[in-house]
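Trainee: Structure incoming, see below.
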Amino acid sequence: MRLDVVTIFPEYLAPLDLSLIGRARRDGVLDLAVHDLRDFTHDRHRTVDDSPAGGGAGMVMRPEPWGEALDAVLAAGRSALGDDTAVPTLVVPTPSGTPFTQAAAHELAGLPWLAFACGRYEGIDERVLEDAAERMPVRPLSIGDYVLGGGEAAVLVVVEAVARLLPGVVGNPESLVEESHAAGLLEYPVYTRPATWRGRSVPEVLSSGNHALVARWRRDEALRRTARRRPDLVERLDPAGLDAADLALLDDLGWVLEHGRLCRAEP
Ligand code: ADE
């Protein structure tokens, strides 16, 4: 997968040299290029922002350097991929984007080329995204309902979530199957040795050797945890994916099926 990131803080992306992603880059699974937006300015001060049209607080990123930077990304990526018709999907991290979810991570992991436009200040002049959309798919994405100082930290989040889904990046692909959000549930609690630590024991069922019992316990714990921490996820579960034991546990927790959807029972 080819990744291009345009930012005014190239050093912010240094963690992409580390850990799983660093290894994926060294193994040739990921080809990452970071571009400094200021390299596409032509004034002495390398200016990338200006005051907002219509007035108001803050600054807006000027369209000219962005236009040139995205032209350069297109050329660099096409040459790296050896395909002069290839286009990236342009991911624009912004608090006003659609939510970035595990499903979105899977979608992005299926694409050969992602480009990221890191906004700072109040954002990027909207015409940049309109112009880009004539040449490539544009995906404004939010990593959560809070406001960061810029898109760079969000790019780290998105790249980490996407890269670990690429074949060969996570050592044991089984670990992708049972994790949080894989089936619309949070993951069950996990334990390792020692069997007792500070007077706390690992739940007995986990050393029973009975795989069916272990699987049922994990499923129950995932449901309990999800109901407690993320009732919004329980509401979105497809009842067709729930068995009788799931429904019995959810009933105990105060959830009932109504018109084919899980709802909290009236007290
Ligand atoms: N840039 C600033 N805040 C952001 C957020 N919540 N998600 C993605 N990009 C952002």
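The values are calculated or read from the model by the stated rules, or taken from the named source; none is laboratory data. Everything quoted here is computed from the prediction, not taken from an experiment. All Cβ positions, even for glycine, are placed from backbone atoms using ideal geometry, and neighbour counts span all protein chains on display.
Trainee: Answer yes if at least one residue in region 116-132 is within 16 Å of the chain's Cα centre (by Cα) and part of a strand (DSSP E or B), and no otherwise.
Mentor: yes
Trainee: Can you say whether Val159 is closer than 30 Å to Pro52 by Cβ, surrounded by 12 or more Cβ atoms within 10 Å (Cβ to Cβ) and either at pLDDT 95 or above or in contact with a Lys or Arg (Cβ under 8 Å, 6 or more places away or on another chain) (or both), as far as the supplied structure shows?
Mentor: The answer is yes for Val159.
Trainee: Return the residues of region 86-108 that are of a type outside the set (A, V, I, L, M), closer than 20 Å to Leu70 by Cβ and assigned to a loop (DSSP other than H, G, I, E, B); say none if nothing qualifies.
Mentor: Matches in region 86-108: Pro88 only.
Trainee: Quick one: which of Arg62, Arg120 is at pLDDT below 95 and surrounded by 15 or more Cβ atoms within 10 Å (Cβ to Cβ)?
Mentor: Testing whether each residue is at pLDDT below 95 and surrounded by 15 or more Cβ atoms within 10 Å (Cβ to Cβ) leaves just Arg120.
Trainee: Further, regarding this structure: Please go through region 169-182 and give me each residue that is surrounded by 15 or more Cβ atoms within 10 Å (Cβ to Cβ) and within 14 Å of Ala215 (Cβ to Cβ), ordered by number.
Mentor: Glu178
Trainee: On the given criteria, is Gly149 under 13 Å from the mean Cα position of the chain (by Cα), loosely packed, with under 13 Cβ neighbours inside 10 Å and either of a type in the set (Val, Ile, Thr) or within 8 Å of the ligand (Cβ to nearest atom) (or both)?
Mentor: Considered against the rule, which asks whether it is under 13 Å from the mean Cα position of the chain (by Cα), loosely packed, with under 13 Cβ neighbours inside 10 Å and either of a type in the set (Val, Ile, Thr) or within 8 Å of the ligand (Cβ to nearest atom) (or both), Gly149 comes out as no.
Trainee: How many residues does region 36-85 contain that are among the hydrophobic types (A, V, I, L, M, F, W, C), within 28 Å of the chain's Cα centre (by Cα) and outside any helix (DSSP H, G or I)?
Mentor: Of the residues in that region, 4 qualify.
Okay, residues lined up against (1) closer than 28 Å to Asp145 by Cβ; (2) touching a strand residue (DSSP E or B) at 6+ places or on another chain (Cβ under 8 Å):
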position	(1), (2)
Val34	yes, yes
Arg44	no, no
Val48	yes, yes
Pro52	yes, yes
Gly56	yes, no
Ala69	no, yes
Thr85	no, no
Glu126	yes, no
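Trainee: Have a look at Ala245, Ala227 and point out the one that is touching a Lys or Arg at 6+ places or on another chain (Cβ under 7 Å), part of a helix (DSSP H, G or I) and touching a residue at least 24 places away in the same chain (Cβ under 8 Å).
Mentor: Ala245
Trainee: Can you tell me which residue among Asp17, Asp4, Asp31 is surrounded by fewer than 17 Cβ atoms within 10 Å (Cβ to Cβ), among the acidic types (Asp, Glu), over 18 Å from Tyr121 (Cβ atoms) and modelled with pLDDT of 95 or more?
Mentor: When all the criteria are applied, what remains is Asp31.
Trainee: Next question. Could you run through region 127-143 and say how many residues are touching a residue at least 40 places away in the same chain (Cβ under 8 Å) and either within 16 Å of the ligand (Cβ to nearest atom) or charged (D, E, K, R) (or both)?
Mentor: So the count comes out to 10.
Trainee: Another question, if that's okay. Out of curiosity, is Ala86 at negative phi, among the aliphatic types (A, V, I, L, M) and touching a residue at least 40 places away in the same chain (Cβ under 8 Å)?
Mentor: no
Trainee: Only one of these conditions is not met by Ala212: (1) crowded, with 18+ Cβ neighbours inside 10 Å; (2) more than 16 Å from the ligand (Cβ to nearest atom); (3) assigned to a helix (DSSP H, G or I). Which number is it?
Mentor: Single failed check for Ala212: (1).
Trainee: How many residues are small (Gly, Ala, Ser) and away from the ligand (no atom under 14 Å from the Cβ) when one looks only at region 152-180?
Mentor: Residues flagged as small (Gly, Ala, Ser) and away from the ligand (no atom under 14 Å from the Cβ) within region 152-180 amount to 5.
Trainee: Now for a separate question. Please specify each residue of region 65-100 satisfying the condition of being within 16 Å of the ligand (Cβ to nearest atom) and exposed (fewer than 13 other Cβ atoms within 10 Å of the Cβ).
Mentor: Within region 65-100, Ser96, Thr98, Pro99 qualify.
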